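The values are calculated or read from the model by the stated rules, or taken from the named source; none is laboratory data. Source: prediction; values computed, not measured. Because the Cβ atoms are built from the backbone with ideal geometry, glycine has one as well, and the counts that use them run over all protein chains shown. Note: areas computed on protein heavy atoms with side chains; ligands, DNA, RNA excluded. Shrake-Rupley method; radii C 1.70, N 1.55, O 1.52, S 1.80 Å.
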Amino acid sequence: TDMESPFTHNTIASGNDFLSRKREVSQTVLNIRNRINTVIYEPPKTGKDSLVHMAISQCPGLSTAYIDLLSIVDNGDLSHRLQAADGHTLIYIKNFQSILRLDDWSKAVHAISRQMLRDDAPVYIITGSGINAMKHIFEDHKLMYRQYERVRFSAIDERSVTEHIVRTFLKVGRVVSQEQAEYIYNIADGHPWYIWQIADYCFNITKGYLSGNAVTEAVDTLLYTHSVRFQETVDNLSRYQIYFLKAVFDGISKSSSSEVIERYRLNSSANVFRVKEALAKKEVITVDAPDTPRIIDPMFRLWLARNYFNEQQ
């Protein structure tokens with residue numbers, strides 16, 4: 001019999017598949033119960049949706065409206081969707097970053113902000129996967145200031161992930177070593193969606209013991225699967241953006257220092273600023289600490305290492 005793979009990566013994780021975001025879940029649940037709005041912005045496919053559904057499921061009796069802004073193109077769209085949510089006790093808005101597509105987006109956000117302040121307002125949960133776009137709204141423009149609490153994701157706990165992988169294999173008499181499970185976690189940099197895809201592939205090609213070759217093959221397959229997307233990303237970059245991406249890839253910290261500008265042929269600090277802005281806007285990099293940019297997608301970083309920058313040596 002063909003067994004359904006136990007590693008779900010194409011649906012919302014729930015129950016036992018939902019791992020180790022206990023702190024984030026309880027924080028969100030607490031916010032819902034205390035009628036505090038929640039804002040979450042984390043990279044794509046890191047489990048925002050699963051988290052929100054998990055939190056909502058722990059607060060029975062809520063009347064919830066789900067609004068997805070992914071395909072919103074004008075203000076009419078937005079008000080139409082928000083009107084449909086009237087009368088609910090909780091409004092969950094996802095892909096909030098798409099609001100930036102509107103001509104007068106800040107006015108739209110102000111309108112929602114005013115709604116939130118009403119005495120009879122529902123509780124809001126707002127999520128977005130464009131990290132820089134969300135930072136632009138909530139940090140640069142400080143919109144909805146002090147009207148929400150941000151739930152930040154910490155890294156998914158390595159131990160619970162590796163134990164889950166080992167246990168899941170064992171259930172059907174297949175064996176993956178602790179080291180292999182740790183390797184999967186680390187090569188995906190703790191990114192749940194990628195971890196499950198690698199684990200899923202390994203699970204499906206293993207009869208007894210998982211061989212080292214199988215893990216390598218799983219990672220290669222994953223990179224191959226996503227290569228079109230990664231290829232498009234670099235195709236859309238200018239020469240200077242690629243120079244700067246290489247600098248970020250190499251782990252530079254002072255991105256506008258004269259040494260970096262010279263070494264990566266970036267011309268001037270004004271140019272560095274523009275290039276950095278452009279890469280952030282494309283959600284390729286994000287800047288956490290002052291002047292320390294990093295590549296957002298761990299598999300894209302691995303693809304660059306294996307298929308792109310290695311050719312340029």
At most 13 other Cβ within 10 Å, DSSP loop - trypsin sites (Lys or Arg not before Pro), the range 135-199: LYS142, ARG146, ARG152
So which chymotrypsin sites (Phe, Trp or Tyr not before Pro) in the range 25-113 are both in a DSSP loop and have at most 11 other Cβ atoms within 10 Å of their Cβ? none
Average Cα contact separation per residue, the chain, under 8 Å, 6 or more apart, as relative contact order %: 17 percent
Once amide H atoms are placed 1.01 Å from N in the peptide plane, what residues at a sequence separation of 5 or more from ASN37, or on another chain, have their amide H within under 5 Å of its amide H? TYR124, GLU149
Lysine pair count for the range 189-284 [Cα-Cα under 24 Å; pairs on different chains or 8 or more apart]: 7
Considering only the chain, percent of DSSP beta bridges that pair antiparallel, nearest 5: 20 percent
Alpha-carbon Rg/Rh ratio, for the chain, with Rh computed the Kirkwood way: 1.00
Please give the calculated 222 nm ellipticity per residue for the chain, where each DSSP H segment of at least 4 residues contributes -39500 (n - 2.57) and the sum is spread over every residue; nearest 500 deg cm²/dmol? -14500 deg cm²/dmol
In whole percent, how big is the carbon plus sulfur part of the accessible area of the range 113-186, probe 1.4 Å, protein atoms only? 47 percent
Amide H contacts of ARG174 (H built 1.01 Å from N, under 5 Å, at least 5 apart or other chain): none
Per residue, how many Å² of accessible area does the range 45-138 show with a 1.4 Å probe? 46 Å²
GLY173 neighbourhood, Cβ < 14 Å, K/R = +1, D/E = -1, net charge +4
Derived scalar couplings ³J(HN,Hα) [the range 140-156; Karplus, 6.51 cos²θ - 1.76 cosθ + 1.60; whole Hz; x for Gly, Pro]: 5, 8, 6, 6, 6, 3, 6, 9, 7, 10, 8, 9, 9, 7, 9, 4, 5
Electrostatic dipole magnitude of the range 209-313 [Cβ: Lys, Arg +1; Asp, Glu -1; Cα centre; debye, to 20]: 300 debye
Which whole-angstrom value gives the distance between the alpha carbon centres of the range 235-290 and the range 192-209? 35 Å
So what is the accessible area of the range 199-313 per residue, in Å², with the probe set to 1.4 Å? 55 Å²
